[in-house]
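Since the structure comes first, as structure tokens, the remarks are kept for the end.
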Amino acid sequence: MRNATLRKVPTEQPAMMDSIVEVRGISKSYGNVEALRSIDLDFPRGKLTSLLGPSGCGKTTLLKIIAGLIEPDGGKVSVNGREVSKPGPERAFVFQDFALLPWATVLRNVAFGLELRGRPVAEREKVARHYIAEVGLSGFEDKYPHELSGGMRQRVGLARALSVDADVLLLDEPFSAVDEQNRRKFQEDLIRLRTNQNKTFIFVTHSIEEAVYISDRIVLLSPRPGRVSQIIEPEIDRSVDPDRIHRDKHYLDTVEEIWQGLKQYVD
Ligand SMILES: Nc1ncnc2c1ncn2[C@@H]1O[C@H](COP(=O)(O)OP(=O)(O)OP(=O)(O)O)[C@@H](O)[C@H]1O
């Protein structure tokens, strides 16, 4: 396979990049636990960026600060050039535990974000049906969350995030609760959605393989207090068969190189 190389990017970002999310000097402590120290990051528009690093290095904290769900102690986050301090319609958060309404059908769950925004029922159901199809759940509109597998519930969460038409989708380990088959399938869907929907994805994962497989860029955070230690662009040609990518030497070398850098932090 051609065109699969590891590219390291300076952690000081070039000013010319079209970034949709800008993080400047973000710090956060919980009591005397310093989670994040002075994070500066730019997230390119229309790309998928993964946050990767040892357990407890502040990945989820950073994602929630970008979402406006946690207030930082210092620094600021801008989205589309505008400083943000609370959740807003241009960002949608897909929770690790799905956060679905157990008493509502798939259709209602997916349409829920639009319902909160007071959109008419016909419009929100039309949009919801569209995204239910996009994530491969057509035919399940009238099911309830307890009737679905973990992977399907995760898709409902993603469809809900897509249906509110946010520019930025924030995903906190979306595949952690699903089995390997569903994980692979969902990764492929995410790559397709990223291309078709032209959304910006910011993605927290524990998995080096997953990060290399799906990401346009990978931000490696150092152990707590989390700081940006490296930015990597694994230039993988994703137009080829996914099974070929997983066996490709460049893919495997990239995974190995990141692992060599991270393994010192594993007990
Ligand atoms: N609400 C909280 N109160 C106290 N400490 C917290 C809180 N949330 C997170 N922490 C601590 O802050 C640090 C960063 O946590 P965070 O969940 O952001 O890291 P993470 O990199 O996402 O971790 P993991 O990979 O294990 O999910 C950890 O040491 C965690 O224990």
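Values in this text are rule-based calculations from the coordinates and carry no lab data. Model, not experiment: these values are computed from the prediction. Quick reminder, even Gly has a Cβ in these numbers, built from the backbone with ideal geometry, and neighbours come from all protein chains shown.
How much net charge surrounds Glu256 when only the other residues with a Cβ under 12 Å from the Cβ of Glu256 are counted, with Lys and Arg +1 and Asp and Glu -1?
That sum, taken over residues with Cβ under 12 Å, equals -1.
Enumerate the lysines that Lys199 could reach by cross-link, defined here as Cα to Cα under 16 Å, with residues fewer than 8 away along the same chain left out.
Excluding near neighbours in sequence, the set is Lys47.
Can you quote the Å³ per residue value for the convex hull of the Cα atoms in region 158-259, rounded to an integer?
Considering the Cα atoms of region 158-259, their hull volume per residue is 117 Å³.
Go ahead and set up a Gaussian network model of the chain, Cα springs under 10 Å, then flag whichever of Tyr251, Tyr144, Tyr30 fluctuates most.
Of Tyr251, Tyr144, Tyr30, the Gaussian network model singles out Tyr30 as fluctuating most.
Might you report the magnitude of the Cβ-based charge dipole of the chain about its Cα centre, with Lys and Arg at +1 and Asp and Glu at -1, to the nearest 20 debye?
Approximately 380 debye in magnitude.
From the phi angles alone, apply the Karplus equation (6.51, -1.76, 1.60; θ = phi - 60°) to region 187-197 and give each ³J(HN,Hα) in whole Hz, x where the residue is Gly or Pro.
3J(HN,Hα) across region 187-197, in whole Hz: 4, 5, 4, 5, 4, 5, 4, 4, 6, 6, 8.
Give me the net charge of Ser50's neighbourhood, meaning all other residues with Cβ under 13 Å from the Cβ of Ser50; Lys, Arg count +1, Asp, Glu -1.
-2
Report, in deg cm²/dmol and to the nearest 500, the calculated mean residue ellipticity at 222 nm for the chain, where each DSSP H run with n ≥ 4 adds -39500 (n - 2.57) and the sum is divided by the residue count.
-10500 deg cm²/dmol
Using DSSP, restrict attention to beta bridges with both residues in the chain and report what percent are antiparallel, rounded to the nearest 5.
About 60 percent, rounded to the nearest 5.
Say R0 is 30 Å: what FRET efficiency, to the nearest 0.05, do His146 and Ile70 get from their beta-carbon distance?
0.50
Is there a pair in Lys28/Lys76; Lys86/Lys126; Lys59/Lys263 whose C-alpha atoms are over 19 Å apart, and which pairs would that be?
From the list (Lys28/Lys76; Lys86/Lys126; Lys59/Lys263), the Cα-Cα distance tops 19 Å for Lys86/Lys126.
Ranking request for peptides 120-133, 100-113, 69-82: highest mean number of other beta-carbon atoms within 10 Å first, then the rest in descending order.
Order by mean packing, descending: 100-113, 120-133, 69-82.
What is the local net charge at Glu115, summed over the other residues whose Cβ is closer than 12 Å to its Cβ (Lys, Arg +1; Asp, Glu -1)?
Surrounding charge for Glu115 is +3.
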